[in-house]
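Before any comments, here is the structure.
The values are calculated or read from the model by the stated rules, or taken from the named source; none is laboratory data. As the structure is a computational prediction, the values presented were derived from the model and not from experiment. With ideal geometry, Cβ positions are generated from the backbone for all residues, glycine too; neighbour counts draw on all protein chains shown. These accessible areas exclude ligands, DNA and RNA; they are computed on the full protein's heavy atoms, side chains included. Shrake-Rupley method; radii C 1.70, N 1.55, O 1.52, S 1.80 Å.
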Amino acid sequence: METAVVADKAVVYEPIDHTQFDHVIEYLKGEKLVAGGCTIKGENGGYPKGSDGWLATVFHIGGRNMESICWPWLIVTANAVFWTVLVESTDINPYDANGIARNWNTVYSYGLSATLSLLLAFRLNRSILRYWEGMMAWGTITINIRSLVSSILIHGRDIPHHRDQIVAWTAAMAIAAKKEIREYEITCDDLHGILTDEQCYALDAAPMSSLYAANEIRYHLKPLFDVRPDYNHSALSPARSGEMRQHEKYLDAIIANIGKVHNLKQTPLPLVYVAHLRTFLIIYLLSLPYTLFKLWSWGTIPIVAVTAWLMLGIEAASMEVESPFEKGHVNDLDLDNYCLTIMLDIKQLVADFQKSS
């Protein structure tokens, strides 16, 4: 029990307890195991990690997003079968002896193939960069939440009610950001034990729930560090102002990185680049049988099929990591685990604070 000042009256106040986070932690662990969740990997779903050995990754078919390129691959392969069977089973011979086919092979090898490879590499590089930026943004969110909660527990002892509300709304802000990005509704189960039902309903009703949580944090942050002659000495004003600015910096960093994640989700690569690259890729693959048949005959079919699988696979990988926040993909960022880590961190900080109080 602590004595808190609420509405200028001293009342007996039950401070925040680390067990209040248990329900949310168990709920997040349950979300990680939902079929189709982005964390169904490793021992939970049979998918290896990217850091696993060659045998575990090279010979594993799942997790490559091949379903997104199934139809283009089938069309390219069917085109190769059609042309090979047509030429082999009829008297049609479109190839002359003047070296035209050989010249076209040179153009494909040193011109179109090299150009297309560079374009695909750039596409994958840009997509991986977006994935990396999203991961770094969530890492920064986690770091600043740890710093904000750890600091507020120590420096906010004067008014326990506002201190504990800041801790609760900081935890809620992480859950709200995850739900916003995935475009899910916030339910009372998401924050049971941390916020009241009325607070959960208000959070869910807000157009931007993470900003609503940020405003609630600021609402409780201001009176916590106000200098009041009747409550704390005005000589402490510079120190308390400095503490206030530091906590505002933590909060600003969290808001900025949530905004960065939203920006990544809402701004995919330009359509003009993606559309033209895919057009270039499909035309190149459809034309391969007509340039390779003279040299490979029946071998044209498997060569074209494998080449299409390899090049379309790069596009599939780019599609998979370009927007890494949607739940249900093997390679998406593990937002459930990020939030679980945040809740476990906050629970530990609160538990350590209780022991030292």
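Listing for the model above:
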quantity: Filter result for Y201 (within 22 Å of L264 (Cβ to Cβ), open to solvent by 10 Å² or more (accessible area, probe 1.4 Å) and either part of a helix (DSSP H, G or I) or without any contact (Cβ under 8 Å) to a residue 12 or more places away in the chain (or both)); calculated: no
quantity: From the options D158, D164, residue that is within 30 Å of E243 (Cβ to Cβ), surrounded by fewer than 17 Cβ atoms within 10 Å (Cβ to Cβ) and in contact (Cβ under 8 Å) with a residue 60 or more places away in the chain; calculated: D158
quantity: Residue count for region 129-155, restricted to those that are closer than 18 Å to L333 by Cα and open to solvent by less than 10 Å² (accessible area, probe 1.4 Å); calculated: 4
quantity: Where L211 falls short, out of the listed (1) part of a loop (DSSP other than H, G, I, E, B); (2) open to solvent by 60 Å² or more (accessible area, probe 1.4 Å); (3) modelled with pLDDT of 85 or more; calculated: (1)
quantity: Positions within region 145-198 being of a type in the set (G, A, S) and touching a helix residue (DSSP H, G or I) at 6+ places or on another chain (Cβ under 6 Å), in sequence order; calculated: S147, S150, G156, A171, A172, A174, A176, A177, G193
quantity: Pick from region 229-277, criterion open to solvent by less than 60 Å² (accessible area, probe 1.4 Å) and acidic (D, E), ranking: modelled with the lowest pLDDT; calculated: E243
quantity: Residue within region 173-183 that is surrounded by fewer than 17 Cβ atoms within 10 Å (Cβ to Cβ) and more than 22 Å from D334 (Cβ to Cβ) present; calculated: no
quantity: Selection from region 151-175 of residues that are of a type in the set (D, E) and under 19 Å from L191 (Cβ atoms); calculated: D164
quantity: Condition broken by K355, with the remaining ones in (1) out of contact with any helix residue (DSSP H, G or I) (no Cβ under 9 Å at 6 or more places or on another chain); (2) within 20 Å of L124 (Cα to Cα) satisfied; calculated: (2)
